[in-house]
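**Q** Can you keep this structure in mind? I'll have questions shortly.
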Amino acid sequence: MEINIISRKTIKPSLPTPNERKTYKLCLFDVFQLNTYFPLILFYSKTNDMQGFSYISDQLKKSLSEALTIFYPLGGRRSDIFSIDCNDEGAIYIEASVNINIEEFLKPPKLELLYKLLPCEPNKIQPHQQALPQLLVQVNKFKCGGIAIGLCNLHTLLDACSCSTLLKTWSSICKGSREEISWPDFSSASNSFPPRNTFGVRAGVMNINKGLEIETKCTTSRFLFDNRTINDLKAKLENDGTNTKLPITRYQVVSSLICKHMIVACNMEEPCDHRTRPVVVLHVVDMRRRMGEPFSQDSIGNLLWPAVLLYENVNRDTDIRYLVRILEEEIGKLTKELFLKVQNDPSFLWSDECAELMLEGIETKNPISFVFTSWANMGFNELNFGWGKPLWLAQKGGTKETIPNSVLLMETDEGIEAWVTMTEKHMAILENDKDFLRLALLNPSFSNL
């Protein structure tokens, strides 16, 4: 597959940012984020009523310019660790052509080529001193007329939920449905959790990526858990042999199953099964739903907090209920009351309670680290720019330097897709795990193309 870059432009906001908005203060959790771009690719098929690519691209550029006026910090550049200079320098917009049909690309999806559809290499740590664009877009036209919109969003300001709000606004403007615009709330995060100097914060609090190599040569694979499999697993786990039936969520089932088999794959190098390294798992939790007012899904910022779990002595015979129980217990600790302590007590990040939540000292056990996050129920699969909903959402693929042992879950009509990133050696073990593949489909093709 060949990609030909047709043009590269800077899209500026349609109206200049007023002077009173020229400086945007980040929130506390923005300051904690790694300076990386996270990717998303939206695939759309050609429909009979679609006009030429030139017209479509012009509509995308015009509507993006209007969306940047509403999302004014995204047109700026980070000026220091605590703020963005809203100087209207704009977002990067690239047009590209692809020399194959979209059906050929998707049957089955060519994960190793996904990076070609993105405007930059994602998940690489960028230097803070560079004035980086907050958003880069690459609109790819396939030979058949299908389109893939590849986005790289700087984690300085946007988390996945914030990105969804941006895309809902952009797509609503593009298709002429301004009544559907998702108006962003830029004040709640920074007002409730103002940035602060975290110098001297306990090591256990800051070092949440314990044992995690931030940039390692990895490979990403896509697994699908269909709805029937998930429901069967839920029913089996909920029935614990007693009269008490404990409710288990789809996320708990799928993430715990994946986690178990990843642990088995990573520990295959140990001399014997009973000498397994402990595993620290970070589940990224959205604070908005747990906090309630004034926060909504349109509150912009990295309103994220990690539930940090410790699993020990996990092997092929471990019951999934063990992993689910610990996951439920640790996520259950992330309450509104906890986040109010973070909000109202400036010393909380230095406290024993916070250090305990972050498993301070666990690094002495030489743990393996995993990161799990979910983009379910965020509306990405509903994004309609005027030519229908996406055929498919993609993240990243190929063999690149990125965060190993990371998992992203996305919902589809068929079930839950898991994008799993591991070192090539460990991924090869996972992809040949017969017990795992009885439940998970490895990079399945599409039946609706």
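**Q** Rounded to the nearest 0.05, what FRET efficiency do Lys365 and Thr249 have when you use their Cβ-Cβ distance and R0 = 22 Å?
**A** 0.15
**Q** Mean residue ellipticity at 222 nm from the helices of the chain, using -39,500 (n - 2.57) per DSSP H segment of n ≥ 4 over the full residue count, to the nearest 500 deg cm²/dmol?
**A** Mean residue ellipticity, 222 nm, calculated: -8000 deg cm²/dmol.
**Q** In addition: Please give the length that would be gained between Glu179 and Arg21 if that part of the chain were fully extended, namely 0.36 nm times their separation in residues minus their C-alpha to C-alpha distance (nm, one decimal).
**A** Full extension from Glu179 to Arg21 adds 54.4 nm.
**Q** Could you tell me the calculated FRET efficiency between Glu382 and Thr335, based on Cβ-Cβ distance and R0 = 22 angstrom, to the nearest 0.05?
**A** With R0 = 22 Å, the Cβ-Cβ based efficiency is 0.15.
**Q** Using +1 at the C-beta of Lys and Arg and -1 at the C-beta of Asp and Glu, which of Leu309, Ser299, Phe348 has the Cα lying farthest in the positive direction of the dipole of segment 287-351?
**A** The residue sitting most towards the positive pole is Ser299.
**Q** If Lys and Arg each add +1 and Asp and Glu each add -1, what is the summed charge of the other residues whose beta carbon sits under 12 Å from the beta carbon of Ala307?
**A** Spelling it out: positives minus negatives among the neighbours equals -2.
**Q** Please report, ordered by residue number, every helix of the chain (full DSSP H runs) that is 20 Å or longer along its axis going by C-alpha atoms and whose mean Kyte-Doolittle hydropathy reaches 0.5.
**A** Flagged H segments are 160-174, 250-266.
**Q** A further question on this structure: With every protein chain kept in place and ligands, DNA and RNA left out, what is the accessible area per residue of the chain? Probe 1.4 Å, answer in Å².
**A** 43
**Q** Still on this structure: Using a Förster distance of 45 angstrom, determine the FRET efficiency expected from the C-beta separation of Asn227 and Asn344, and round it to 0.05.
**A** Once rounded, the FRET efficiency stands at 0.60.
**Q** Once neighbouring chains are kept in place and the probe is 1.4 Å, which whole percent of the accessible area of the chain is contributed by carbon and sulfur?
**A** Carbon plus sulfur share of accessible area: 48 percent.
**Q** Which of these values of Cα extents along the principal axes in Å was calculated from the structure shown: (1) 63, 51, 47; (2) 66, 56, 39; (3) 61, 52, 42?
**A** (3)
**Q** Points 7 angstrom from Cα along the Cβ direction at Leu113 and Lys434: gap in nanometres?
**A** 3.4
**Q** Given Cβ point charges of +1 (Lys, Arg) and -1 (Asp, Glu) and nothing else, what value in debye, to the nearest 20, does the dipole of the chain about its Cα centre take?
**A** 760
The values are calculated or read from the model by the stated rules, or taken from the named source; none is laboratory data. In this text the structure is predicted, and so the values were computed from the model without any measurement. Quick reminder, even Gly has a Cβ in these numbers, built from the backbone with ideal geometry, and neighbours come from all protein chains shown. Note: accessible area is taken over every heavy atom of the protein model, side chains too, but ligands, DNA and RNA are not part of it. Shrake-Rupley method; radii C 1.70, N 1.55, O 1.52, S 1.80 Å.
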